[in-house]
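The values are calculated or read from the model by the stated rules, or taken from the named source; none is laboratory data. Note that the structure is predicted; figures quoted are calculated from it, not measured. Here Cβ is always computed from backbone atoms with ideal geometry, including for glycine, and neighbour counts include all displayed protein chains. Areas reflect the complete protein model, heavy atoms only, side chains present, ligands, DNA and RNA absent. Shrake-Rupley method; radii C 1.70, N 1.55, O 1.52, S 1.80 Å.
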Amino acid sequence: MIRVLVSGANGKMGQEVVQQISADPNFEVVAGFDRTANNADFPIYDDASKIKEKPDVIIDFSTPAATSQILDYAKENNIPIVIATTGFSEEELAKIAELAKEIPILRAANTSFEINLMAKLVADLAEKLPDSDIEITDIHHNRKADSPSGTALLLADSINQRLGGTKEYEFDRHSKRTPRKKKEIGIHSLRGGTVVGAHSVYFFGDNESFEIKHTVTSRSIFAKGALKAAAFLVSQPAGLYGMNDVIGD
């Protein structure tokens, strides 16, 4: 049985992870970490230094600030960590990469199997449609703090890496009065209501267009993906991993 500490345990995704673990005999929640300490079926701490339990792995759906704290705890106790939090600064990403030299870390902007498959598909399409104008939209609920979403950047990065880093990201056209550049990938965010998540990648050519869309109707897919990631990570050496490592070829 894999013993899990859930970081962001009081949040919607943290609660979803707990629910999925309760239905899976291969996992057990031993503790949580969040801004508010309380006792549910397991202790939830607001100070990582107070955590008494010894988990096999940490699953983190929190905020960049909270992730930084739980990362320090993971390093001090040599515990693998799945980071599904988004919105990190370049400095925070550098810290994650540095700590991955000492402990196993899996960072995923989206833990859904299908969205990671989509990332591969759009990279394939971008290679086959080199003259297309590429645009990405992300739609989320009105409480989501970061924009664009980590998933939108995941899709853009997958395309850009396949094309040798030749693309530039355009987040704001309203202040510009110039035609679209060929090397741009436009990324646009919509926020409203209770939408869990919807992402589209458009390929615009002359007189035709192509669209691939992924829509999420339940947060459970992210929790299930995080458990797959955790099961993978507990047996890995130190290093920085992604969902592609979990999915394989």
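Here are the numbers for the structure shown:
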read-out: Average accessible area per residue (Å²) across the chain - probe 1.4 Å, nucleic acids and ligands excluded; value: 51 Å²
read-out: Restricting the stretch 147-249 to trypsin sites (Lys or Arg not before Pro) in coil, as DSSP defines it, with at most 14 other Cβ within 10 Å; value: 173, 176, 177, 180, 181, 182, 183
read-out: Total formal charge among the other residues, if their Cβ is under 11 angstrom from that of residue 11, Lys/Arg +1 and Asp/Glu -1; value: +1
read-out: Between helix 150-162 and the chain: long-axis angle, C-alpha atoms, 0 to 90°, nearest 10; value: 60 degrees
read-out: Beta bridges by DSSP in the chain, antiparallel share as percent, to the nearest 5; value: 35 percent
read-out: Rounded to 10°, Cα long-axis angle of helix 64-77 versus longest principal axis of the chain; value: 50 degrees
read-out: Whole-percent carbon and sulfur share, accessible surface of the chain, 1.4 Å; value: 49 percent
read-out: C-alpha long axis of helix 90-99 to longest principal axis of the chain, angle in °; value: 50 degrees
read-out: Bridge type composition, the stretch 118-249 - antiparallel percent by DSSP, nearest 5; value: 60 percent
read-out: Candidates per trypsin sites (Lys or Arg not before Pro) in the stretch 33-131, loop by DSSP, up to 10 other Cβ within 10 Å; value: 52, 101
read-out: Restricting the stretch 100-161 to GluC sites (Glu not before Pro) in coil, as DSSP defines it, with at most 13 other Cβ within 10 Å; value: 102
read-out: Residue-averaged [θ]222 nm for the chain, counting only DSSP H segments that reach four residues, each worth -39500 (n - 2.57); value: -10500 deg cm²/dmol
read-out: C-alpha center-to-center spacing [the stretch 170-249, the stretch 49-72] in angstrom; value: 25 Å
read-out: DSSP bridge pairs, the stretch 17-129: antiparallel proportion in percent, nearest 5; value: 20 percent
read-out: Segment residue 65-residue 190, extension gain: residue separation times 0.36 nm, minus the distance between their alpha carbons; value: 42.6 nm
read-out: Of 166, 86, 111, the one that fluctuates the most in a GNM where the chain has Cα springs shorter than 10 Å; value: 166
